[in-house]
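The values are calculated or read from the model by the stated rules, or taken from the named source; none is laboratory data. All figures in this text were calculated on a predicted structure; none of them were measured in a lab. Every residue, glycine among them, receives a Cβ derived from its backbone with ideal geometry; neighbour counts consider all protein chains shown.
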Amino acid sequence: MMPPMRSVLPVTLVRRLALAALLLCFTVVVLGAYVRLSDAGLGCPDWPGCYGHVTPASALANGVDLDSGKAWREMIHRYAASTLGFLIVVIAAIAIATRARRLVPLRLALALLVVVVFQGILGMLTVTWLLKPLIVTAHLVFGLTTLAMLCWLWLTLRPRTASVDAPRLVRRWALVAICALALQIALGGWTSSNYAAMACPDFPTCQGSWWPPMDFRDAFVLWHGLGVNYEGGVLDHPARVAIHFMHRLGAVVASLALIVAAAIALWRVRTPGAVRAAVFVIAALALQLTIGIQMVWQAFPLPLATAHNAGAALLLLSAVLLNRRVRA
């Protein structure tokens, strides 16, 4: 028996909106990385406008002295993020309107709405608190959280040919892998926001040593107070080395967890969807590691540094896909 057309339409619409929001969110994440890495985070030092204007062009026309390139990069990122927020509001509204029929996961849609509102607040604080590392890192983490939730929503709304009864071992390792990856992403954000990427300019060693001099005491102090401009970083070199070194160790742990999760999925779950997800995890991990190593060997060029953030987003999407495919 065919489902009523009224039931099909909202699901199809939300699925398309979720896909559009997912692609836009990926773009926003990469744009945000480009803005941060090109030192354009304070291109417009106020929020939500630029020097009190809607566009940098308006600010320039009114005699404001600004770096046009940095200002436009910052504002384009804000325009894209605002559009993403609007799409998520529409998704939540449809979920609320159709809640009696339970066509769209209401809790997930509302959670997305809460996260994107909080993400907007973090975006404001990133600027007004002068690139405070804790806020910048949280902004990155919640941006990728939004990406992961949109991916889960889209996958949940897609028609499924068969349910998967994966062994508990597979589900547990898939969860461990994505948690390890989330921690590694946070370490990556802390590395970037503290300008510690170039603290280890060689690979596989760091400063020509397997265990260079490091200052862990200052490296992970989350709060240094307000009123400090963090553009360019404020930590001493040994603290930055400690941050970078921990990011590398985190990469080892996360990589092992992802490889084990993918291998167990390939071994214990034979459905095409789970197999493709496991292969996607391995491919995304190989790409991300290659970008990371090349980034160090080529002295951290901006395109590769931005691609490293895009690679992290792809790797997260692969881990989300694996977790979804091993759950009924």
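Among the residues of the stretch 83-94 satisfying the criterion of being in contact (Cβ under 8 Å) with a residue 40 or more places away in the chain and of a type outside the set (S, T, N, Q), which is surrounded by the fewest Cβ atoms within 10 Å (Cβ to Cβ)?
Among those that are in contact (Cβ under 8 Å) with a residue 40 or more places away in the chain and of a type outside the set (S, T, N, Q), it is Val90.
Considering each of Leu181, Leu157 in turn, give the residue that is hydrophobic (A, V, I, L, M, F, W, C), modelled with pLDDT of 95 or more and surrounded by 17 or more Cβ atoms within 10 Å (Cβ to Cβ).
Exactly one of Leu181, Leu157 is hydrophobic (A, V, I, L, M, F, W, C), modelled with pLDDT of 95 or more and surrounded by 17 or more Cβ atoms within 10 Å (Cβ to Cβ), namely Leu181.
Which condition does Leu249 not pass, out of (1) part of a helix (DSSP H, G or I); (2) touching a Leu at 6+ places or on another chain (Cβ under 9 Å); (3) surrounded by 15 or more Cβ atoms within 10 Å (Cβ to Cβ), if it passes all the others?
Leu249 satisfies every listed condition except (3).
I'd like the residue in the stretch 207-259 that is among the hydroxyl-bearing types (Ser, Thr, Tyr) and farther than 30 Å from Ala283 by Cβ and, out of all such residues, is modelled with the highest pLDDT.
Ser209
If I filter the stretch 254-277 down to residues being more than 25 Å from Ile185 (Cα to Cα) and among the charged types (D, E, K, R), which single residue comes out as surrounded by the fewest Cβ atoms within 10 Å (Cβ to Cβ)?
Among those that are more than 25 Å from Ile185 (Cα to Cα) and among the charged types (D, E, K, R), it is Arg270.
Report yes if Ala328 is modelled with pLDDT under 95, surrounded by fewer than 21 Cβ atoms within 10 Å (Cβ to Cβ), closer than 24 Å to Leu150 by Cβ and aliphatic (A, V, I, L, M), otherwise no.
So Ala328 passes the test.
Residues in the stretch 220-236: is at least one in contact with a Pro (Cβ under 9 Å, 6 or more places away or on another chain) and not in a loop (DSSP other than H, G, I, E, B)?
no
Every residue, every condition in (1) at pLDDT 95 or above; (2) surrounded by fewer than 19 Cβ atoms within 10 Å (Cβ to Cβ), yes or no:
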{"residue": "Gly41", "(1), (2)": "no, no"}
{"residue": "Gly49", "(1), (2)": "no, yes"}
{"residue": "Val64", "(1), (2)": "no, yes"}
{"residue": "Ile76", "(1), (2)": "yes, yes"}
{"residue": "Ala81", "(1), (2)": "yes, no"}
{"residue": "Ile96", "(1), (2)": "no, yes"}
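Rundown of residues vs (1) touching a residue at least 60 places away in the same chain (Cβ under 8 Å); (2) in contact with a Phe, Trp or Tyr (Cβ under 7 Å, 6 or more places away or on another chain); (3) of a type in the set (Gly, Ala, Ser), yes/no style:
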site	(1), (2), (3)
Phe203	yes, yes, no
Gly208	no, no, yes
Trp211	no, no, no
Leu226	yes, yes, no
Leu235	no, no, no
Pro238	no, no, no
His244	no, no, no
